[in-house]
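The values are calculated or read from the model by the stated rules, or taken from the named source; none is laboratory data. This structure is a prediction, so every number in the text was calculated from the model and none was measured. Cβ: placed from backbone, ideal geometry, glycine included. Neighbour counts: every protein chain shown. Surface accessibility is based on the protein's heavy atoms, side chains included, excluding ligands, DNA and RNA. Shrake-Rupley method; radii C 1.70, N 1.55, O 1.52, S 1.80 Å.
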Amino acid sequence: MLKKERLIAIQKVVDEKGIVNVNELIEALDVSDMTIRRDLDELAKAGKIHRIHGGAQRVENSEDVELTRNEKTIVNSELKEQVAKKAADLIVPGDTLYLGPGTTIEPLIKYVEHPEQVRVVTNSLPVFEAWKQTDAEIILIGGNFRKKSGAFIGGLAEQMLRELKFTKAFVSANGINDESVMTANAEEGQTQAVALNNAQEKIMMLDETKFNRNDFYRYYNLYNIDCIVTSNGLSDSTFKHYSSYVDIKK
């Protein structure tokens, strides 16, 4: 196989799998370890892949325009339901929960067996609207209202959250890429980070499409997250890669 053909083949495998390790490429292309590593370095220098420890990752840019909360509700809704159902299993009577903004978190209420036995703190108006129909104790954090996501953010929201402690915090993100947890708005990310820092357990709810994805603002480090709950279709290679950072429930 000529070098040009080999580079095209490597690019194709990385684009299809998202993350691939050197051994997978050696087996697929039947070439030496040194050859694969040189090819990966060349593709990375050209900006066609991201070089990661032991392999490569697809280059994938975030959306140019952030979707509104209403638009997000119809995107991957089935995957979000899968995530919410699994995440509900982690909630036990007596929990004090922080629930962040996000259309992956909003369906959670449908799967919590005894909502009257937990306390919920949220800065998300849609999450509050969903939970107020139950007998749970609910605290809505105020602040600057961000219409695009339905979240209250900014200094006032952060000040209130710093005074509270949670047994579990459930948050989402627009994307994770290696150890970076990202969102579209810096203030919204900073508010979530404050809540996470005050939680005994830090849990992310992400469907499979959010992996290997960038966005504008890096608001947390994946090493500091205790668990990711994700949907059923996460690839084995992506699961293996991110399991080096955090426990994953799929």
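Remarks
- Estimated 222 nm signal from helices in the chain, with DSSP H stretches of n ≥ 4 weighted -39500 (n - 2.57), rounded to 500: -10000 deg cm²/dmol
- Full extension of the chain between residue 33 and residue 201 gives 56.5 nm of extra length, using 0.36 nm per residue less the Cα-Cα distance.
- Across the protein chains, with a 1.4 Å probe defining accessible surface, the residues 160, 34, 182 rank 34, 160, 182 from largest area downward.
- Qualifying lysines (Cα of each under 17 Å from Cα of residue 4; at least 8 residues distant if same chain): 12, 45, 48
- In degrees, nearest ten, helix 186-197 long axis to first principal axis of the chain (Cα): 70 degrees
- Gyration tensor (alpha-carbon) shape descriptor, region 1-55, a/c threshold 1.5: rounded
- Taking all Cα-Cα distances within the chain, those exceeding 22 Å account for 55%.
- Degrees between helix 33-45 axis and first principal axis of the chain (Cα, 0 to 90, nearest 10): 60 degrees
- Among residues other than residue 166 with Cβ under 11 Å from its Cβ, the summed charge is +2 (Lys and Arg +1, Asp and Glu -1).
- Between helix 3-17 and the chain: long-axis angle, C-alpha atoms, 0 to 90°, nearest 10: 20 degrees
- For region 1-147, the relative contact order comes to 15 percent (Cα pairs under 8 Å, sequence separation of at least 6).
- Loop-located GluC sites (Glu not before Pro) in region 179-210, at most 16 other Cβ atoms within 10 Å (DSSP): 179
- Computed magnitude of the charge dipole of the chain (debye, nearest 20; Cβ of K, R +1, Cβ of D, E -1): 380 debye
- Accessible surface of the chain, 1.4 Å probe, proportion on carbon and sulfur as whole %: 48 percent
- Solvent-free Debye scattering, log10 I(q)/I(0), computed from the Cα coordinates of region 154-244 at q = 0.10, 0.11, 0.19, 0.20 Å⁻¹: -0.25, -0.30, -0.85, -0.93
- Gaussian network model of the chain, Cα within-10 Å springs - most flexible of 136, 157, 84: 136
- For residue 120, the amide hydrogen comes within under 5 Å of the amide hydrogens of 97, 137, 138, 139, counting only partners 5 or more places away or on other chains and with H modelled in the peptide plane.
- Every pair of different Cα atoms in region 97-206 enters the Kirkwood calculation, which places the hydrodynamic radius at 13.8 Å.
- For residue 3, the aspartates and glutamates whose Cα comes closer than 16 Å to its Cα, not counting residues fewer than 8 places off in the same chain, are 30, 33, 39, 41, 42.
- Along the axis of the charge dipole computed for region 1-95 (Cβ charges of +1 for Lys and Arg, -1 for Asp and Glu, origin at the Cα centre), the listed residues 74, 35, 53 are led at the positive end by 35.
- For residue 110, the lysines whose Cα falls under 23 Å of its own Cα, not counting residues fewer than eight places away in the same chain, are 72, 80, 85, 86, 132, 168, 202, 210, 249, 250.
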